[in-house]
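Asks: One structure is given below, represented as structure tokens, and several questions about it will come after.
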Amino acid sequence: MLAPRILILRAPGTNCDHETAHAFERAGGIARRVHVRAFAATPALADDCQILCIPGGFSYGDDIASGRIFALELKTRLADALARFRDRGGLVLGICNGFQVLVQTGLLLADPVTAAPLAALAHNASGRFVSRWVTLRAEPANCVFLQGLGEFELPVAHGEGRFVARSAAEFAALDAAGRLVLRYAADAGGSTNPNGATGDVAGACDPTGRIFGLMPHPERFIEATQHPAWSGRLDPAAAGAGLAIFVNAVRAVA
Amino acid sequence: MLWEVDVFPRDPADDHVARALVAAAVELGFADCTSARTATGWLVEGELSRADVERLARDVFADPVTETFTAAAVGAAELCTAAAGLPTVIHVLPRAGVTDPAGESARDGCSLVGPRPVAVRSVRKYWLPALAEAAARRLAWSLLASEAIHDVILGPLAIDTLAGGRRWDYVRETTDLERLDDEGLARLSRDRCLALSIAELHAVRDHFRGLGRPPAEIELETIAQTWSEHCCHKTLTSAVDHVGPAGVAHYDNLLKETVFAATQRVRAALGPADWCVSVFRDNSGVVRFDGDHDVCVKVETHNHPSAIEPYGGAATGLGGVIRDVLGTGLGAKPVASLDVFCVAPPDTPRDSLPPGVIHPRRLLAGVVAGVRDYGNRMGIPTIAGAVAFHPGYLGNPLVFCGTVGIMPRGGSDAAVQPGDLVVVAGGRTGRDGIHGATFSSIELTSASESQSGGAVQIGHAIHEKTLTDFVLEASRQRLFHAITDCGAGGLSSAVGEMGATLGATVDLDRVPLKYEGLSATEVWISEAQERMVLAVAPADWEALARVAAAEGVEATAIGTFTGSGRIELRWQGAEAGVLDCHFLHEGRPRQRLASTYVRPTAEAARWATSGMSVGTALERVLALPDVASKAWIVRQYDHEVQGTSVVKPLLGPGAGPADGTMIRGVLGRPRGIVLGVGLRHRLGPLDPYEMAAGAIVEAIANVVAAGADPGRIALLDNFCWGEVRRPESLGTLVEACRACHDLAVALAAPFVSGKDSLNNVFAWTDAAGTARELSIPPTLLATALGQIADVARAVTPDLKAVGHRIAIVGATRQELAGSQAEAVGLVAGGEVPRVDAAAFRAACAAVAAAQQAGLVRACHDVSDGGLAAAVAEMAIAGGTGARLDLGAVPGATAASSADQSDFVTAFAETPGRFVCAVDADDATAFEARMAGVPWAWIGAVLAAPVLELVAVDGGVEQIPLARLARAWRTPAGGDA
């Protein structure tokens, strides 16, 4: 069986592409970093890939809003290529900036009628960038990426990660449909929700469970030594909790 | 047509900018300013209909879920109404010519939607309750805008176009130096911001006399840039006759015979095992890492620009040092950054600020935001740093930015070949930062803000990120022979350095500009950011241009490295200036300086502990700004991007402070890089030798505590001094250089790179009309770059398990001068903490041996706040209690009373000590590793959440850990 191929799509300002590729390779895939210019010029680059990942970073500087221009570029230049990729069963993962991009493209949480986004990732309630570890609870439903995961820790690093739905009713509908598959949970010191997200939402998936985005960074916890309290407590050779997300993806398409 | 789109949070409760503004305005005394609204505005110019603009607003500017917008022609009344009761409208926009990254990326976004190309400029808008115009202006300039980079407009905007700049027509301007006497030469230097001395101007005059012509303006400027203190360290490389406590010393070149000489001695002693690769030569120092990589490191200062515009100054400081790493050898990949700030105490009264000085709280918030926004966007983890507070930094805050890079082995050999093209890549050139190099070499005054506005640069991190992606790919394909960054002095320095022997021809009119109107001289010396210069073989040019295009980077061939030995500058084919390389780089007259230093006599310690317990004193010490948690800063920096993080700045279950921080050098490989910094600024005025020695010891202790190999530590020096023109002030600098030499040799830790920033003096006239001056304390920042063979062996300071025994390694002496105990008012005077280099080397070796054997479960170096603060931090980080038996600590000389002896033991800041936690089962094995060094068991990890202090007389004091943690979490200098 050939190892699954992953297309890591980067734009100017993407900065988590190398470690995300590394995480997919740890999970048994073959990852290739592709600039969005090259992808726009040759959409066939995705043809031999089974997974497409938009990694973290500050695409185009995130100066207007996080992920805005990258999303605009995907909508205006690559909408067909992405729809084809999705329709033939490809998996799509968006991490942090990638999650922000997926939400704004309407690929992840769109109004079924107008295709407009049903949610946004707004400025953190604190008004500032935050870099810390959070405790998460997976409620995987049909989400391919989270199968087998329960409560685990990952780091976040973002200024715009507060999940808000367009309306309370639409939030309730997404919730009831099992789309809000990843939540910030409490640790010994109380809630770890770092940004004021509605319903503690940290990640969400599309109706098929094959397109998934999350604010935390699973690629930053694929080995124990990346944890802030590993020394003297964890086996340094052990895997980190985030690796399972990449392994799940690779196994699902292998 | 010029349109404006204002974007608002849909729910006013989400307007966090307004919330922060109201809080700050009330604090500033605007008691009526109880509500506000804000918007992000965009000025959009182009052939657009209202429908076009509304489409852009919907697709590009406003989020459909969380935001609303108003779009109208600039000046329309509807753009000034936001909410009832808020009639005051304030616009803050970047001044013409100032980089506007948000506007540029908005323009790119608009181009995706169409229909026609547009120009975009960003603007921030604020609506406030009714305010008199003067009050509104005061509020705007205090809280919303920086004079160096912004315009503030009250009420409706009256702008009709974003276009600016007119074409510059070439004129050759010359200066006849023959007609100027010395006074005239001095005036010329001052008026043109040349920062050249009379002796130097004489040398220039004589050179051009020999050529039989006066210098062109561009030639004079090139010489001033090249000869600036910033670019060639003329004070530190001077000949110096020094009289100090250790006797008389004569140096032909101070830096060469102290810092460089120490490195040479260490390398010679290492012989074939020498692990230095390229030191004091390239843009950063390079040492061996693993079998196929080298590691490089550089730390820069960006003090003057940060004093005037903290956000832009700090951001471009970081941007500059990142390019230093990128411009080392054939390009290195930046893998980690550090930042260190020295500012005045956060409680400095506002009414005591000299004119033109920014309050330290605002300044610190600004520099932190600058590093955050630049470093995070670059995707380089900011893993280490420090903040130090001292009243001397009021007018001259210090901003240090450092970056570590990884390159393939052999990648440090770069050499320009004759015939190579001069290629400039990255951002376009504007009027940014004209005279930065010479500006940073002169004293700041209260008028600096208005005089030197052109010297302030604004960074554009995404340009630097794409430039980095381009350089690393071009390097991988070996498409250039040499590379350097455009930093201080701009193209004049970059091309001048690369062509120092070969010479070059440069067509200045080919340099891509941000806007029309720059003169040839401005193009040549502009310090516009995010540019690199590459030497490219003509055969590789096409391939290089392809890589640039793929990454969206502009690269332009602007000339040739010729081999003529001359820098020849042209404008549209006409000669604009010619400079002889030999004169430019060797023609500067050397100076011989006199220097003296007399160590002040130590005063006996005077105690003021009146009934206070050691525990209460410890609580106060932990809350001091130098000691207290920097979490509010650390949490704003992404310190885990790139996935290499191993030891974080805040760690353990209780998120306590780290010593050295650690990353993997290469993903998937075990070898690690450890970073530590040392700063003993409070000792500067007391004993500059011990200040420098203490800083070096602290930096090294930090990395050794984390598990770094003591035999593989590279050092960097950053000297920041006040006035150095008088012999007795120069003497303090010489003493620090001597300390660098002595410590590097004694500890076999070579210096590999460094930088200096001198004349950090702030001059102003006070309200009474008296001329005043404020100088920084002599400050050496030492940075240690350590290595560890396997990151799995890293050791962290957090206490791990109940029952572990606690040991101290190294003797404690009655040294409290300049300590945190002094800062908190417990004691005044006393002995200056003194470095015993041989004892420290032995302590490092013993600790490293115990770590290697796996015997050390936690390790922390003892620095600010002494032993008590160190053990408290270990307990806070581990979330578990500890007992500290003060009577068991070796070496503390008996003080006049048992009570004071407890204080001495708890708070003395004798450098070079470690606290280790050891499993009881390993105690004997640990003891065996400690043979020959002063050490003792001094406590244990407790189950109860308390710090239990056992006094010399056996008395016991228990302080709840939660209380200590609360004190330590007092946000240091911040707004939390």
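The values are calculated or read from the model by the stated rules, or taken from the named source; none is laboratory data. Nothing here was measured: the structure is a model prediction, and the numbers come from that model. For neighbour counting, all protein chains shown are included, and Cβ atoms are generated from backbone atoms with ideal geometry for every residue, glycine included.
Asks: Residues of the stretch B:459-478 being buried (at least 24 other Cβ atoms within 10 Å of the Cβ) and not in a helix (DSSP H, G or I), which ones?
Replies: Across the stretch B:459-478, the qualifying residues are B:459, B:460.
Asks: For the stretch B:97-105, indicate whether the set of residues that are in the same structural domain as residue B:43 (by TED's automatic domain parsing), over 20 Å from residue A:70 (Cβ atoms) and not in a loop (DSSP other than H, G, I, E, B) is non-empty.
Replies: No, the stretch B:97-105 has no match at all.
Asks: Tell me, which residue of the stretch B:567-611 that is among the basic types (Lys, Arg) and assigned to a loop (DSSP other than H, G, I, E, B) is surrounded by the most Cβ atoms within 10 Å (Cβ to Cβ)?
Replies: B:588
Asks: Residue A:60 passes all but one of (1) more than 8 Å from chain B (Cβ to nearest Cβ); (2) buried (at least 19 other Cβ atoms within 10 Å of the Cβ); (3) not hydrophobic (A, V, I, L, M, F, W, C); which number fails?
Replies: (1)
Asks: Next question, about the same structure. Just checking, how many residues over the stretch A:73-100 are touching a Leu at 6+ places or on another chain (Cβ under 7 Å) and more than 24 Å from residue A:179 (Cα to Cα)?
Replies: Within the stretch A:73-100, residues that are touching a Leu at 6+ places or on another chain (Cβ under 7 Å) and more than 24 Å from residue A:179 (Cα to Cα) number 2.
Asks: Would you check which residues across the stretch B:800-814 are crowded, with 23+ Cβ neighbours inside 10 Å and part of a loop (DSSP other than H, G, I, E, B) and list them?
Replies: Scanning the stretch B:800-814 gives B:804, B:810, B:812.
Asks: Across the stretch B:908-929, what is the number of residues that are of a type in the set (Ser, Thr, Tyr) and surrounded by 18 or more Cβ atoms within 10 Å (Cβ to Cβ)?
Replies: Quick first cut of the stretch B:908-929, residues of a type in the set (Ser, Thr, Tyr) only: B:910, B:924.
Next, from what is left, pick out any that are surrounded by 18 or more Cβ atoms within 10 Å (Cβ to Cβ): B:910.
So the answer is 1.
Asks: Quick check, is residue B:338 modelled with pLDDT under 95 and among the aliphatic types (A, V, I, L, M)?
Replies: Details: modelled with pLDDT under 95: no; among the aliphatic types (A, V, I, L, M): yes.
Against the criterion (modelled with pLDDT under 95 and among the aliphatic types (A, V, I, L, M)), residue B:338 does not qualify.
Asks: Please give the strands (runs of 3 or more DSSP E) falling wholly within the stretch B:1-88 in which 2 or more residues are within 12 Å of chain A (Cβ to nearest Cβ) and crowded, with 21+ Cβ neighbours inside 10 Å.
Replies: Values: elements: B:2-9, B:37-45, B:67-73.
Answer list for the stretch B:1-88: B:2-9, B:37-45.
Asks: Next question. Search the stretch A:122-168 for residues being within 17 Å of residue A:62 (Cβ to Cβ) and of a type in the set (D, E, K, R), and hand back the single one that is surrounded by the most Cβ atoms within 10 Å (Cβ to Cβ).
Replies: That would be A:162.
Yes/no per residue for (1) assigned to a strand (DSSP E or B); (2) surrounded by 15 or more Cβ atoms within 10 Å (Cβ to Cβ); (3) not polar (S, T, N, Q):
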{"site": "B:126", "(1), (2), (3)": "yes, yes, yes"}
{"site": "B:152", "(1), (2), (3)": "yes, yes, yes"}
{"site": "B:169", "(1), (2), (3)": "no, no, yes"}
{"site": "B:186", "(1), (2), (3)": "no, yes, yes"}
{"site": "B:199", "(1), (2), (3)": "no, no, yes"}
{"site": "B:203", "(1), (2), (3)": "no, yes, yes"}
{"site": "B:210", "(1), (2), (3)": "no, no, yes"}
{"site": "B:221", "(1), (2), (3)": "no, yes, yes"}
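Asks: Exactly one of these conditions fails for residue A:232: (1) of a type outside the set (Val, Ile, Thr); (2) at positive phi; (3) more than 9 Å from chain B (Cβ to nearest Cβ). Give me its number.
Replies: Residue A:232 satisfies every listed condition except (3).
Asks: Here are some conditions: (1) in contact with a helix residue (DSSP H, G or I) (Cβ under 7 Å, 6 or more places away or on another chain); (2) more than 13 Å from chain B (Cβ to nearest Cβ); (3) among the polar types (S, T, N, Q). Residue A:97 meets all but one. Which one does it not meet?
Replies: The single condition residue A:97 does not satisfy is (2).
Asks: Residue check: is residue A:210 farther than 13 Å from residue A:153 by Cα and either more than 14 Å from chain B (Cβ to nearest Cβ) or buried (at least 24 other Cβ atoms within 10 Å of the Cβ) (or both)? Before you say what the answer is, go through the steps one by one.
Replies: Details: farther than 13 Å from residue A:153 by Cα: yes; either more than 14 Å from chain B (Cβ to nearest Cβ) or buried (at least 24 other Cβ atoms within 10 Å of the Cβ) (or both): yes.
For residue A:210, the condition - farther than 13 Å from residue A:153 by Cα and either more than 14 Å from chain B (Cβ to nearest Cβ) or buried (at least 24 other Cβ atoms within 10 Å of the Cβ) (or both) - is met.
Asks: Within the stretch B:553-566, identify whether any single residue is assigned to a strand (DSSP E or B), basic (Lys, Arg) and closer than 28 Å to residue B:236 by Cα, and answer yes or no. Walk me through it before giving the result.
Replies: As a first pass, look at the stretch B:553-566 and keep what is assigned to a strand (DSSP E or B): B:555-561, B:566.
Okay, now just the ones that are also basic (Lys, Arg), so B:566.
Next, only the ones that are closer than 28 Å to residue B:236 by Cα stay: B:566.
Yes, the conditions are met somewhere in the stretch B:553-566.
Asks: Here is a follow-up. Any chance the stretch B:920-936 includes a residue that's in a strand (DSSP E or B) and under 22 Å from residue B:879 (Cβ atoms)? Spell out how you get there, then give the answer.
Replies: So in the stretch B:920-936, the residues in a strand (DSSP E or B) come out as B:935-936.
This time we only want the ones that are under 22 Å from residue B:879 (Cβ atoms), so: none.
No, the stretch B:920-936 contains no residue that is in a strand (DSSP E or B) and under 22 Å from residue B:879 (Cβ atoms).
Asks: Does residue A:37 count as within 14 Å of chain B (Cβ to nearest Cβ) and modelled with pLDDT under 95? Give the steps one after another, and end with the answer.
Replies: Values: within 14 Å of chain B (Cβ to nearest Cβ): yes; modelled with pLDDT under 95: yes.
Here the answer is yes, as residue A:37 does meet what is asked.
Asks: Take residue B:371 and tell me if it is part of a helix (DSSP H, G or I) and within 22 Å of residue B:643 (Cα to Cα).
Replies: Details: part of a helix (DSSP H, G or I): yes; within 22 Å of residue B:643 (Cα to Cα): yes.
Yes, satisfied.
Asks: Another one. So is residue A:90 surrounded by fewer than 24 Cβ atoms within 10 Å (Cβ to Cβ), touching a helix residue (DSSP H, G or I) at 6+ places or on another chain (Cβ under 8 Å), within 14 Å of chain B (Cβ to nearest Cβ) and closer than 15 Å to residue A:206 by Cβ or not?
Replies: Working: surrounded by fewer than 24 Cβ atoms within 10 Å (Cβ to Cβ): yes; touching a helix residue (DSSP H, G or I) at 6+ places or on another chain (Cβ under 8 Å): yes; within 14 Å of chain B (Cβ to nearest Cβ): no; closer than 15 Å to residue A:206 by Cβ: yes.
Against the criterion (surrounded by fewer than 24 Cβ atoms within 10 Å (Cβ to Cβ), touching a helix residue (DSSP H, G or I) at 6+ places or on another chain (Cβ under 8 Å), within 14 Å of chain B (Cβ to nearest Cβ) and closer than 15 Å to residue A:206 by Cβ), residue A:90 does not qualify.
Asks: For the stretch A:25-135, give me every one of the helices (runs of 4 or more DSSP H) that falls completely inside it and has 3 or more residues that are without any contact (Cβ under 8 Å) to a residue 40 or more places away in the chain. Break it down stepwise before answering.
Replies: Working: elements: A:36-41, A:68-77, A:79-87, A:97-105.
Hits in the stretch A:25-135: A:36-41, A:68-77, A:79-87.
Asks: Determine the pairs where a residue that is closer than 17 Å to residue B:720 by Cα, located within the stretch B:747-760, has a partner that is assigned to a loop (DSSP other than H, G, I, E, B) and of a type outside the set (Ser, Thr, Tyr) with Cβ atoms under 6 Å apart, the partner being 6 or more residues away or on another chain.
Replies: From residues that are closer than 17 Å to residue B:720 by Cα, the pairs are B:756/B:233; B:756/B:236; B:758/B:721; B:758/B:724; B:759/B:443; B:760/B:396; B:760/B:722; B:760/B:776.
Asks: Still on this structure, please answer the following. It is to be established whether one or more residues within the stretch B:610-617 are out of contact with any Cys (no Cβ under 7 Å at 6 or more places or on another chain), more than 14 Å from chain A (Cβ to nearest Cβ) and farther than 28 Å from residue B:878 by Cα. Before you say what the answer is, go through the steps one by one.
Replies: First pass over the stretch B:610-617, keeping only residues out of contact with any Cys (no Cβ under 7 Å at 6 or more places or on another chain): B:610-617.
Remaining after also requiring more than 14 Å from chain A (Cβ to nearest Cβ): B:610-617.
Subset that is farther than 28 Å from residue B:878 by Cα: B:610-611.
Within the stretch B:610-617, one or more residues are out of contact with any Cys (no Cβ under 7 Å at 6 or more places or on another chain), more than 14 Å from chain A (Cβ to nearest Cβ) and farther than 28 Å from residue B:878 by Cα.
Asks: Still on this model: Specify which of the listed residues (B:343, B:371) is crowded, with 22+ Cβ neighbours inside 10 Å and either at positive phi or within 13 Å of chain A (Cβ to nearest Cβ) (or both).
Replies: Working: B:343 fails: either at positive phi or within 13 Å of chain A (Cβ to nearest Cβ) (or both).
One residue alone meets the criteria, B:371.
This table checks each residue for (1) at pLDDT below 95; (2) of a type in the set (Gly, Ala, Ser); (3) over 17 Å from residue B:112 (Cα atoms); (4) surrounded by fewer than 24 Cβ atoms within 10 Å (Cβ to Cβ).
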residue: A:18; (1), (2), (3), (4): no, no, yes, yes
residue: A:22; (1), (2), (3), (4): no, no, yes, yes
residue: A:28; (1), (2), (3), (4): no, yes, yes, yes
residue: A:33; (1), (2), (3), (4): no, no, yes, yes
residue: A:48; (1), (2), (3), (4): yes, no, yes, yes
residue: A:100; (1), (2), (3), (4): no, no, yes, no
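Asks: Applying the selection to the stretch B:644-672, what residues are surrounded by fewer than 21 Cβ atoms within 10 Å (Cβ to Cβ), more than 7 Å from chain A (Cβ to nearest Cβ) and among the hydrophobic types (A, V, I, L, M, F, W, C)? Give the steps one after another, and end with the answer.
Replies: First, pick out the residues of the stretch B:644-672 that are surrounded by fewer than 21 Cβ atoms within 10 Å (Cβ to Cβ): B:653, B:666-671.
Filter again for more than 7 Å from chain A (Cβ to nearest Cβ), leaving B:666, B:669-671.
Within the stretch B:644-672, B:666 is the sole residue that qualifies.
Asks: So how many residues does the stretch A:157-199 have that are in contact with a Pro (Cβ under 9 Å, 6 or more places away or on another chain) and more than 10 Å from every other protein chain (Cβ to nearest Cβ)?
Replies: Counting residues in the stretch A:157-199 that are in contact with a Pro (Cβ under 9 Å, 6 or more places away or on another chain) and more than 10 Å from every other protein chain (Cβ to nearest Cβ) gives 7.
Asks: Let me ask something additional. May I ask you to say which residue of B:856, B:824, B:802, B:791 is within 14 Å of another protein chain (Cβ to nearest Cβ), touching a Lys or Arg at 6+ places or on another chain (Cβ under 6 Å) and of a type in the set (A, V, I, L, M)? Write out each step before concluding.
Replies: On the way: B:856 fails: touching a Lys or Arg at 6+ places or on another chain (Cβ under 6 Å); B:824 fails: within 14 Å of another protein chain (Cβ to nearest Cβ); B:802 fails: touching a Lys or Arg at 6+ places or on another chain (Cβ under 6 Å).
On inspection, the qualifying residue turns out to be B:791.
Asks: Inside the stretch B:239-292, counting only strands (runs of 3 or more DSSP E) that do not spill past its ends, which hold 2 or more residues that are farther than 29 Å from residue B:731 by Cα and either touching a residue at least 60 places away in the same chain (Cβ under 8 Å) or of a type in the set (Lys, Arg) (or both)?
Replies: Working: elements: B:239-244, B:247-251, B:276-278, B:285-290.
By residue number, B:276-278, B:285-290.
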